[in-house]
1. With every protein chain left in place and a probe of 1.4 Å, what is the accessible surface of Arg181, to the nearest 10 Å²?
2. Sorted by mean Cβ packing within 10 Å, highest first, what order do the peptides 108-119, 129-140 take?
3. Work through the residues other than Pro208 whose Cβ is under 15 Å from its Cβ and net out their charges, Lys, Arg +1 and Asp, Glu -1.
4. Write down the accessible area per residue of region 17-157 in Å², having rolled a 1.4 Å probe over the full set of protein chains.
5. Of the heavy-atom accessible surface of region 141-187 (probe 1.4 angstrom), what whole percent is carbon and sulfur?
6. At 1.4 Å probe size, put Arg202, Arg158 in order of accessible surface, largest to smallest.
7. Counting only other residues whose beta carbon sits under 14 Å from that of His85, what net charge do I get with K and R as +1, D and E as -1?
8. Local charge sum around Arg124 (other residues, Cβ-Cβ under 14 Å, Lys/Arg +1, Asp/Glu -1)?
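The values are calculated or read from the model by the stated rules, or taken from the named source; none is laboratory data. These figures come from a predicted structure and were not determined experimentally. Don't worry about glycine lacking a Cβ; one is built from the backbone with ideal geometry, like all the others, and counts go over all protein chains shown. Side chains included, ligands, DNA and RNA excluded: accessible areas come from the protein's heavy atoms. Shrake-Rupley method; radii C 1.70, N 1.55, O 1.52, S 1.80 Å.
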Amino acid sequence: MDDRQAGSAVRTIRARKGWRQQDLADRANVSRTMVGRIERGRLASVPLGTIRRVADALDARFDTFVRWQGGDLGRLINARHAAMHEAMARSFASLDGWVTEPEVSFSIYGERGIIDVLAWHPGRRILLVIELKTEFVDVNELMGSVDRKRRLAAAIARERGWDPAAIGAWVVIADSRTNRRALAAHETVLRAKFPVDGRTMRSWLRRPEGRCDALSFLPWVHDTGVRRDLAPIRRVDRRARAPRSSARAKSSGQQA
């Protein structure tokens, strides 16, 4: 479905409901001008979050699909997501007291989805919903998705015999310049929602207490796997090396 067809679909559903453009704009909390652009198929000038809010107001869903070299794009995205799963599994394997389950699917009262990682600390009765993102795209969609999964997490835990006293959330984003720029553009609202950073989160995981809402980057994830060597890069101090080079030159001159 191209942009013009998508706009026509929005217009058709709106007309079927007997709404004016202003009625739809009010329900989606957007301007009537934005609704008009969408219905005319001018989606390039409309933020993706706005399009999705309009679709939600119509009880519809706006799906996006990117094609690249046949099926290679899907394999590439899955590989990056799998690499993040592997990195998280290794992190929790080094911690005491945590039980983790990857790719936890749920269907509760018609709400369906998948929690990337569900972590449970039976000693402290703390449940942690972990969201892994290879790409940071829509801040509203991210916060809404995490809120929904946290809300349903208690029921998901009970199915496993867990009785959480606190339910936290941890958003883990693959580190890249693009993702960092996107986060910086929404840093104030995201930090209000997820106030704990990666360094504090590492300490909390060792001694968890109460609810914790965190957002951090996972810097060692690459397109094809997980970097094994996590040691920091050591920079060479050129000033420290200079005397040694001079000494070698002097020694060479004496030998000559």
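1. The value for Arg181 is about 150 Å².
2. My ranking of the peptides, most packed first, is 129-140, 108-119.
3. +3
4. For region 17-157, the solvent-accessible area averages 54 Å² per residue.
5. It is 47 percent, rounded to a whole number.
6. Descending accessible area places them as Arg158, Arg202.
7. Local charge sum for His85: -2.
8. The answer is +1.
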